[in-house]
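Presented below is the structure to which this report refers.
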Amino acid sequence: MIAVSGATGNVGRALVERLVADGRTVRALSREPERAALPAGAEVVRFRADDPADLFAGVTGLFLYVQAAGGALLRAAREAGVRHVVLLSSGIVRDGADETHPLHVMHAGAERLIRDSGLAWTFLRPNAFAANALQWAPQIRAGNTVRGVFADARTAPIHEDDIAAVAERALLDPAHEGAVHRLTGPEAVTNAGQAAAIGRALGRDLAYVEIPPQEAGPELYPHLPPHLLQGLLKTFESTVGVPPEITHTVEDITGTPARTFARWAEDHRPDFLG
């Protein structure tokens, strides 16, 4: 059995759907199981980070998102017989990184806990998520203007299902134990280019209007606490005019090329419709 934490998140949901479709036994961990709306083949249980003892009976593999990676949970997983953890980490963890950056502190700390846990591990380090563009959905539903920071910030956004495809292979194939996989989409796209691609998917012309970073607040990034928002803005600023890292890891592991941002926008058309 494989347990998936963050099962209603973008990557977690895609992973649960993949595992169920492949006939795997899946325990989906959710803080609100009654609202999870996951495939019928998944066992959905309430995630309790402060009382994890009963979450892992019969589980051998665990997909873990960074906020759930606590010492008590890892001890409970090991004691219950979990053998292998696949962590959704971040591409910000790399040689030469700014180790004081709050996103680095969070993800490197989770990796350290897992390395010290006695469990086998695989770390997935994606850079920009295509799904971050969902933060623009309220603006796009309301009109044809997207207000955001750093129009020329360049990333290689990755489709969440491509991350899930790599996670599935890592969970099912012991050859990935001890591996660190850096994941990106297949091409560089600016923030303004992402908005334009969403517009094409919707059959509309969307204009990206750059705002000063000091004006970026909770109304634009409602799910980020202030310290993480500042870290994100710092990361965005560092990508302006800079070619992003592009890897071929998705294709190397799954046999299928990573999907473009334009494909992601087509897949998510309903999320941007009013």
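Restricting segment 79-102 to residues that are hydrophobic (A, V, I, L, M, F, W, C) and within 25 Å of Ala3 (Cα to Cα), which is most open to solvent (accessible area, probe 1.4 Å)? So that I can check it myself, show each step before the final result.
Taking segment 79-102 as the starting set, the residues that turn out to be hydrophobic (A, V, I, L, M, F, W, C) are 80, 82, 85-88, 92-93, 97.
If we keep only those that are within 25 Å of Ala3 (Cα to Cα) too, we end up with 80, 82, 85-88, 93.
Values: Ala80: 40, Val82: 8, Val85: 0, Val86: 0, Leu87: 0, Leu88: 25, Val93: 13 Å².
So the residue we want is Ala80.
Looking at Gly199, is it free of Cβ contacts under 8 Å to residues at least 60 places away in the same chain and either surrounded by fewer than 16 Cβ atoms within 10 Å (Cβ to Cβ) or of a type outside the set (A, V, I, L, M, F, W, C) (or both)? If you could, list the steps in order and put the result at the bottom.
Numbers: free of Cβ contacts under 8 Å to residues at least 60 places away in the same chain: yes; either surrounded by fewer than 16 Cβ atoms within 10 Å (Cβ to Cβ) or of a type outside the set (A, V, I, L, M, F, W, C) (or both): yes.
Here the answer is yes, as Gly199 does meet what is asked.
Taking the residues in segment 103-135 that are among the aromatic types (Phe, Trp, Tyr) and open to solvent by 10 Å² or more (accessible area, probe 1.4 Å) as candidates, determine which candidate is nearest to Glu187 (Cα to Cα). Quick ask: steps written out before the conclusion?
Of segment 103-135, the ones among the aromatic types (Phe, Trp, Tyr) are 121, 123, 129.
Those still in the list that are open to solvent by 10 Å² or more (accessible area, probe 1.4 Å) too: 121, 129.
On the way: Trp121: 29, Phe129: 13 Å.
The selected residue is Phe129.
Does Gly178 satisfy the condition of being open to solvent by 10 Å² or more (accessible area, probe 1.4 Å) and either assigned to a loop (DSSP other than H, G, I, E, B) or at pLDDT below 95 (or both)? First the steps, then the outcome.
Working: open to solvent by 10 Å² or more (accessible area, probe 1.4 Å): yes; either assigned to a loop (DSSP other than H, G, I, E, B) or at pLDDT below 95 (or both): yes.
Judged against the criteria, Gly178 is a match.
Has segment 145-155 got any residue that is in a helix (DSSP H, G or I), touching a residue at least 24 places away in the same chain (Cβ under 8 Å), open to solvent by 30 Å² or more (accessible area, probe 1.4 Å) and not charged (D, E, K, R)?
To start, the set of residues in segment 145-155 that are in a helix (DSSP H, G or I) comprises none.
For segment 145-155, residues in a helix (DSSP H, G or I), touching a residue at least 24 places away in the same chain (Cβ under 8 Å), open to solvent by 30 Å² or more (accessible area, probe 1.4 Å) and not charged (D, E, K, R): absent.
Tell me the residue from Leu62, Leu15, Leu29, Leu19 that is of a type in the set (A, V, I, L, M, F, W, C) and either out of contact with any helix residue (DSSP H, G or I) (no Cβ under 7 Å at 6 or more places or on another chain) or part of a loop (DSSP other than H, G, I, E, B) (or both), please. Outline the logic, then answer.
Numbers: Leu62 fails: either out of contact with any helix residue (DSSP H, G or I) (no Cβ under 7 Å at 6 or more places or on another chain) or part of a loop (DSSP other than H, G, I, E, B) (or both); Leu15 fails: either out of contact with any helix residue (DSSP H, G or I) (no Cβ under 7 Å at 6 or more places or on another chain) or part of a loop (DSSP other than H, G, I, E, B) (or both); Leu19 fails: either out of contact with any helix residue (DSSP H, G or I) (no Cβ under 7 Å at 6 or more places or on another chain) or part of a loop (DSSP other than H, G, I, E, B) (or both).
Answer to the selection: Leu29.
Among the residues of segment 7-38, write down those that are farther than 16 Å from Ala165 by Cα, open to solvent by less than 40 Å² (accessible area, probe 1.4 Å) and either at pLDDT 95 or above or within 19 Å of the chain's Cα centre (by Cα) (or both).
Arg27, Ala28, Leu29, Ser30, Ala36, Leu38, listed by residue number.
The values are calculated or read from the model by the stated rules, or taken from the named source; none is laboratory data. All figures in this text were calculated on a predicted structure; none of them were measured in a lab. Because the Cβ atoms are built from the backbone with ideal geometry, glycine has one as well, and the counts that use them run over all protein chains shown. For the accessible areas, the whole protein counts, side chains as well, though only heavy atoms, and no ligand, DNA or RNA atoms are used. Shrake-Rupley method; radii C 1.70, N 1.55, O 1.52, S 1.80 Å.
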